[in-house]
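Take a look at the structure below.
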Amino acid sequence: GENVEQHPSTLSVQEGDSAVIKCTYSDSASNYFPWYKQELGKGPQLIIDIRSNVGEKKDQRIAVTLNKTAKHFSLHITETQPEDSAVYFCAASRGTNQGAQKLVFGQGTRLTINP
Amino acid sequence: DARVTQTPRHKVTEMGQEVTMRCQPILGHNTVFWYRQTMMQGLELLAYFRNRAPLDDSGMPKDRFSAEMPDATLATLKIQPSEPRDSAVYFCASGSLTVSSYNSPLHFGNGTRLTVT
């Protein structure tokens, strides 16, 4: 089955600097890669996603890149702000027309933005 | 703002007792997932429904866990009997899977924190 590795497990950056979180996956048939942000006491919230037919996607200060050949994808947050502090999860899944969709999550990265 | 609603938010129970967690998916979503989150194992998929039919429950201990969708607005996860190792946060998530989109963004509830003593 799919296995997703996420690094680093913790990341501390100064406010205004950029943060990068990296993930690798094992199943070359995976075709959907979302990123979730989880704040204390809440469920994961989708912040950006990318499909395998796209190499890069950007939404304001957040961007995701995908390298299918190397089977890795990354989250980039620019101009970090204190409210970006949270745990971030990457995930991968292989959707099929039979309706199967099993998101496999990485272990998470605790991001701390220092003022 | 549509959201997934889970009840209860917190549950403390003694070993051996039955626990039922409930989830109201976003109206119109046709897929429902149950995940369990622990520090050691992270987010694990327990069960998955599409159009109320169970598609995959391979992540769930069959002897004590059961998941159902009595109707499109309610999903339940039951543990009987509960054990201390079941202590975790249980999340429900829903999505809208279509023929043209084999992957759909999942929307998570805020979870049920279960403590079994």
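Do the conditions hold for A:T69, that is, is it more than 14 Å from chain B (Cβ to nearest Cβ), assigned to a loop (DSSP other than H, G, I, E, B) and touching a residue at least 12 places away in the same chain (Cβ under 8 Å)? It is false that A:T69 is more than 14 Å from chain B (Cβ to nearest Cβ), assigned to a loop (DSSP other than H, G, I, E, B) and touching a residue at least 12 places away in the same chain (Cβ under 8 Å).
Given the condition within 13 Å of the chain's Cα centre (by Cα) and closer than 26 Å to B:C92 by Cβ, answer yes or no: does some residue in region A:76-84 qualify? Don't jump to the end; show me each part of the working.
Of region A:76-84, the ones within 13 Å of the chain's Cα centre (by Cα) are A:76-77.
Keeping just the survivors that are closer than 26 Å to B:C92 by Cβ gives none.
The answer is no; no qualifying residue exists.
Is region B:36-51 home to any residue that is closer than 26 Å to B:T117 by Cα, surrounded by 15 or more Cβ atoms within 10 Å (Cβ to Cβ) and away from chain A (no Cβ under 13 Å)? So far as region B:36-51 goes, no, none of its residues is closer than 26 Å to B:T117 by Cα, surrounded by 15 or more Cβ atoms within 10 Å (Cβ to Cβ) and away from chain A (no Cβ under 13 Å). If only residues of region A:1-38 that are over 19 Å from A:G108 (Cβ atoms) and under 16 Å from the mean Cα position of the chain (by Cα) are counted, the one that is surrounded by the fewest Cβ atoms within 10 Å (Cβ to Cβ) is A:S18.
Confirm whether B:M15 is open to solvent by 30 Å² or more (accessible area, probe 1.4 Å) and free of Cβ contacts under 8 Å to residues at least 12 places away in the same chain. Considered against the rule, which asks whether it is open to solvent by 30 Å² or more (accessible area, probe 1.4 Å) and free of Cβ contacts under 8 Å to residues at least 12 places away in the same chain, B:M15 comes out as no. Within region A:29-65, being part of a strand (DSSP E or B), modelled with pLDDT under 95 and among the hydroxyl-bearing types (S, T, Y) holds for one residue alone: A:Y32. Inspection of region A:77-99 finds a residue satisfying the criterion of being surrounded by 15 or more Cβ atoms within 10 Å (Cβ to Cβ), assigned to a strand (DSSP E or B) and more than 14 Å from chain B (Cβ to nearest Cβ).
Do we have any residue at all in region B:59-82 that's touching a strand residue (DSSP E or B) at 6+ places or on another chain (Cβ under 6 Å) and either at the interface with chain A (Cβ under 10 Å from one of its Cβ atoms) or modelled with pLDDT under 90 (or both)? Checked region B:59-82: at least one residue is touching a strand residue (DSSP E or B) at 6+ places or on another chain (Cβ under 6 Å) and either at the interface with chain A (Cβ under 10 Å from one of its Cβ atoms) or modelled with pLDDT under 90 (or both).
Can you pull out the strands (runs of 3 or more DSSP E) entirely within region B:53-99 that have at least 2 residues that are surrounded by fewer than 17 Cβ atoms within 10 Å (Cβ to Cβ)? So that I can check it myself, show each step before the final result.
Numbers: elements: B:53-56, B:65-71, B:74-79, B:88-95.
The strands (runs of 3 or more DSSP E) meeting that bar are B:53-56, B:65-71, B:74-79.
Checked against the criterion of being within 14 Å of the chain's Cα centre (by Cα) and among the polar types (S, T, N, Q), the candidates B:Q41, B:Q80, B:Q37 yield just one match: B:Q37. Does B:C23 fit the bill of being open to solvent by less than 20 Å² (accessible area, probe 1.4 Å), more than 10 Å from chain A (Cβ to nearest Cβ), in contact with a Cys (Cβ under 8 Å, 6 or more places away or on another chain) and assigned to a strand (DSSP E or B)? Taking the combined requirement at face value, the residue satisfies it. Look at (1) part of a loop (DSSP other than H, G, I, E, B); (2) within 13 Å of chain B (Cβ to nearest Cβ); (3) open to solvent by 40 Å² or more (accessible area, probe 1.4 Å) and you find that A:R110 fails only one, number (1).
The values are calculated or read from the model by the stated rules, or taken from the named source; none is laboratory data. Note that the structure is a prediction, hence the values are computed from the model and not measured. Please note: Cβ atoms are built from the backbone with ideal geometry, for glycine as well, and neighbour counts cover all protein chains shown. Note: areas computed on protein heavy atoms with side chains; ligands, DNA, RNA excluded. Shrake-Rupley method; radii C 1.70, N 1.55, O 1.52, S 1.80 Å.
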